[in-house]
1. Among the residues that make up segment 230-245, is at least one of them surrounded by 11 or more Cβ atoms within 10 Å (Cβ to Cβ) and at pLDDT 95 or above?
2. Testing residue 175 on (1) more than 16 Å from the chain's Cα centre (by Cα); (2) over 22 Å from residue 212 (Cα atoms), one condition comes back false. Which one is that?
3. For residues that are among the polar types (S, T, N, Q) and part of a helix (DSSP H, G or I), tally how many sit in segment 247-293.
4. What's the total number of residues in segment 269-279 that are within 16 Å of the ligand (Cβ to nearest atom) and out of contact with any strand residue (DSSP E or B) (no Cβ under 8 Å at 6 or more places or on another chain)?
5. Which ones in segment 157-200 are away from the ligand (no atom under 16 Å from the Cβ), small (Gly, Ala, Ser) and in contact with a Phe, Trp or Tyr (Cβ under 7 Å, 6 or more places away or on another chain)?
6. Give me the residue from segment 156-184 that is touching a strand residue (DSSP E or B) at 6+ places or on another chain (Cβ under 9 Å) and surrounded by fewer than 20 Cβ atoms within 10 Å (Cβ to Cβ) and, out of that set, nearest to residue 8 (Cα to Cα).
7. Consider residue 154 carefully, then state whether it is over 19 Å from residue 287 (Cα atoms), more than 16 Å from the ligand (Cβ to nearest atom) and at pLDDT 95 or above.
8. So, in segment 77-89, how many residues would count as being of a type outside the set (A, V, I, L, M, F, W, C) and crowded, with 16+ Cβ neighbours inside 10 Å?
Amino acid sequence: MLKSKSIVSIDDVETEDFYEIFKRASIFKRAVKEGKILDLMKGKIMATFFFEPSTRTRLSFESAMNRLGGSVISVSEAKSSSAAKGETIADTIRMASSYSDIVVMRHPMEGAARLASEFSTVPVLNGGDGSGQHPTQTLLDLFTIWEKYGRIEDLEISMIGDLKYGRTVHSLIKALSRFNNTINLVSPEILRMPEHFLSSIKSKAKIRPDSSLENVLGTTDVFYVTRIQKERFVDLNDYQKVIGSYSFNQDLVERMKESSIIMHPLPRVDEIDPRIDSNKRAYYFIEAANGVFVRMALIDIILRGGEYE
Ligand code: CP
């Protein structure tokens, strides 16, 4: 299904593709842990364009391509490419797709990845477009949930923090609402998930906007905590009003279900106390590590297709 396709929105990924990605990511995870050397992408080149800062997305995509035996060419900041001289996304991508077999792009403008995919002759993977979406993050989030619970349905998920500007939750809610889940939305008033976005979701899930953390603490299976996206605020006075709204600490953790997990796309600022990193519920570093295996699976499915056993 995904062979030769771009992924700019999680809507570009069919539900059956989720399970194929999980299966292949599991195989690659085992292969890497066993120290296997893979050459499935030998001769293939990935171009990564990061016009906004990134640690996990860029490095895990590049690690994934290297682990598959492919090569990477990379622009790690806008000022080091001709974008700084005014080159358009269209021209940048025309060039990138003549130099590579697959392109990964992060850009501050919502819709940039969609635009890039229209001018590219090779698949484009959205590594985050402004406050839009982050679909490959969602795939690794789903994989992490699936590894823990063996399913991505019949769960109670609480999304917490910046639901307005946070692109990871925009993609994640679209994916999780395809299934019978309960999704609690917990945020400061000014950072609620936009109404137009919520109403565009064809949901099988029960979505509970305006939930309070206190009310969902004891019933939630997956806490998905997000950073307040300071860089997206037009007025920094508004940021000052919401800074420190949520802080996951030992006190909160003790009131959660034993089987619950805490996820976070990272980076974190002050919303998760590092003292709970060693708690068995802290899944955010496992989640980030899974980024490599899920991106290996995606690259392999998109560029090679077929089976991998
Ligand atoms: N989760 C995520 O997108 O992290 P980076 O911004 O470090 O890529």
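1. Within segment 230-245, not a single residue is surrounded by 11 or more Cβ atoms within 10 Å (Cβ to Cβ) and at pLDDT 95 or above.
2. (1)
3. Matching residues across segment 247-293 total 2.
4. 1
5. Result: 158, single match.
6. Ranking the candidates gives 177 first.
7. Against the criterion (over 19 Å from residue 287 (Cα atoms), more than 16 Å from the ligand (Cβ to nearest atom) and at pLDDT 95 or above), residue 154 qualifies.
8. Going through segment 77-89 one residue at a time, the tally reaches 1.
The values are calculated or read from the model by the stated rules, or taken from the named source; none is laboratory data. Every value quoted in this text rests on a predicted model; they were computed, and no experiment measured them. With ideal geometry, Cβ positions are generated from the backbone for all residues, glycine too; neighbour counts draw on all protein chains shown.
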